[in-house]
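**Q** A single structure is presented below for examination.
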Amino acid sequence: MKILRHSERSEESPAARRRSFALFGAQDDGRRVLLYALVAVAALARLLLQVAALPPYAGLDEVWHVARLVFVLQEGRSPDIRESSVAQYLASATAGDPAYPADFGHIGARWPEVVRARPVLVDHAVTANYVRTNIEAQQPRLYYSVVGRLGHLMPHRTQLNELRYWRLWAVLFGVVTALATARIGEALYGTRGIAAAALLVSLPTWLTLVARASNDGFACMLLALALASRRPATESIFWAGALATKLYTWPVAIVLLFRRRHWTVYAACAVSVAFTVFDLATRTRNPLGVLGFDPAAQSGAPQPIQYFEMLKITLASAVGTSGQHWNALTLRGMVVYAVPVLVLIGIGVWSRSRGVSGSRGPARPETARLRDLATSLAAFAAAQIVHAFGYIRRAKAMGLAMPAAGKEGWFWYVLAPLVVATLFPPAPLAILAGWLVGWDVVIHEGALFRDFAGLTSPATPSWLFRWGPLGVGPFASQLVALRLLHLGAIIAVFVLESRVHDRNTHPSD
């Protein structure tokens, strides 16, 4: 096919031009669909890799989320925070009983010696006797009511099978989140926005938040779908669902106040918040269900609160966290990993603001979405400060210098779909992709997966990592294949997107 000069192209008949453009549009449409498919494959492979490598109950309170799912499955209702709702077999795992699967999150620094001393993947039958209260009873009910009842679809329920089952739901929620991120990005940057969404699953802390049995993946999915929706009916459903799933989605809803929306969206959000507050007020000790806002009687002499340490923990756990030792990068590791990412994003946003756009889709103003992002980040920061001071108040009453919560840097990653879709596409995308995916491999293959396998501990520190595969699966024996599939899909995404760009820039007939 030859490249037509402008003079030759201008002599085509209108009908010929229409046929040419129709063929052009069909080809680009097919490549767009293929881009979405490749993003889905990359997300599926990476999330399956993560849950395949995770040992039982791998951190961030997974065992307590599972306990609430079990209670809803067996009792058909959500528990009161004051009643015993943790099944005996889960409590035995947290207590280190060798007859049960080893609880990675509670064994902590002793994990390597436990791995050497006994099997850690002992399966066990499930029971319906409850032996203690559950802190996760403080959570809104929607996720547990939906996913817990879906437990009836399990073909053969044992302790490990139910854990695999609920983690696979988290994988599904993560894949949908990646696709919704691609939809948000496409609306702003065309195919470049779709390609950028594939990088969502290379953010280590987002993986920590989502790839486990908990309500976080469900909340992140609903929030991303709400931001991607363009019709009032679907947007109403997704916003209402997000607000009824996790309280940290509430500050993000502030974007509704700054965007033109249909009255049904506001009505759905108001009803969802009202029902959630009523539910929490009846099942917990306060209308928000947050322990930090419970009544706190004076039980110890007040201690100076370690505010600087709280800030350090928040930042460290935002850059990267996982594992039984509350692993994080060292300061030098955080600088080497995070600073180039921030610089690349800054270069992209600056160049776009100067009119040197890397967009490969139709030219559209991004001002509204940037305002949404800034507003969401500000509202989220304000809510986290309020959350922290609730726990600070409680710590002072108990005579503690370090509050029990209020320093969860990983919470911020519920905003990752909006950040990725808004800030990643304008950046030097190929360089950003190489850097993030490379660090994904370094952090997980070089550190966390070794940690999961019991090969590292706080006694074996490294230059980059501060801590010193026995995964449940499924696909625990296919970690290399899943990693290769993930990397192959990522490469295919960027190669295909580049060709779509070239096709649109240098059309041929």
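Bear in mind that the values in this text are calculations on the coordinates, not laboratory data. Quantities reported herein were computed from a predicted structural model and do not represent experimental measurements. Counting neighbours? That spans all protein chains shown, and the Cβs are built from the backbone with ideal geometry, glycine included.
**Q** How charged is the neighbourhood of V441? Take every other residue with its Cβ under 14 Å from the Cβ of V441, and add Lys/Arg as +1 and Asp/Glu as -1.
**A** The answer is +1.
**Q** Related question: Residue separation times 0.36 nm, minus the C-alpha to C-alpha distance between A37 and L150: what's the value?
**A** 38.0 nm
**Q** According to a simple spin-label model (label point 7 Å from Cα along Cα-to-Cβ), what is the distance in nm between L370 and A405?
**A** 3.6 nm
**Q** If you don't mind, another one. Calculate, for D29 and A382, the FRET efficiency according to 1/(1 + (r/R0)^6) with r their C-beta to C-beta distance and R0 51 Å; round to the nearest 0.05. Display every interim value, and only then the final one.
**A** Working: r = 42 Å, r/R0 = 0.83.
Here the calculated transfer efficiency is 0.75.
**Q** Suppose R0 equals 45 Å. What FRET efficiency, 1/(1 + (r/R0)^6) with r the Cβ-Cβ distance, do I431 and D61 give to the nearest 0.05? Let's see the in-between values first.
**A** On the way: r = 36 Å, r/R0 = 0.81.
That gives a FRET efficiency of 0.80.
**Q** Rounded to the nearest 0.05, what FRET efficiency is calculated for V339 and Y266 with R0 set to 51 Å and r the Cβ-Cβ distance?
**A** So, using R0 = 51 Å, E works out to roughly 0.80.
**Q** Right, next: In the stretch 389-429, whose amide N lies under 13 Å from the spot 7 Å out along Cα-to-Cβ of Q298? List them in ranges.
**A** Residues passing the 13 Å test: 396-399.
**Q** Residues of the stretch 103-119 with the amide nitrogen closer than 18 Å to a label point 7 Å from the Cα of R132, along Cα-to-Cβ, please.
**A** 103-111
**Q** Pop a pseudo-label 7 angstrom from the Cα along the beta-carbon direction at both V122 and I347 and give the gap in nm to one decimal.
**A** If labels sit at V122 and I347, their model points lie 5.5 nm apart.
**Q** Taking amide hydrogens as modeled 1.01 Å from N in the peptide plane, which residues meet the under 5 Å criterion relative to V86, leaving out close sequence neighbours?
**A** Answer set, sorted by chain and number: V131, R132.
**Q** A further question follows. When a/c is below 1.5 the answer is rounded, else prolate if a/b is larger than b/c, else oblate, so apply that to the stretch 232-322 with a ≥ b ≥ c taken from the square roots of the Cα gyration tensor eigenvalues.
**A** Because a/c hits 1.5 or more and a/b fails to exceed b/c, the stretch 232-322 counts as oblate.
**Q** Among H106, H444, H486, rank each residue by its count of other Cβ atoms within 10 Å, from fewest to most, as a rough exposure measure. Write down the numbers at each step before the final one.
**A** Details: H106 16, H444 23, H486 26.
Fewest to most other Cβ atoms nearby, the residues stand as H106, H444, H486.
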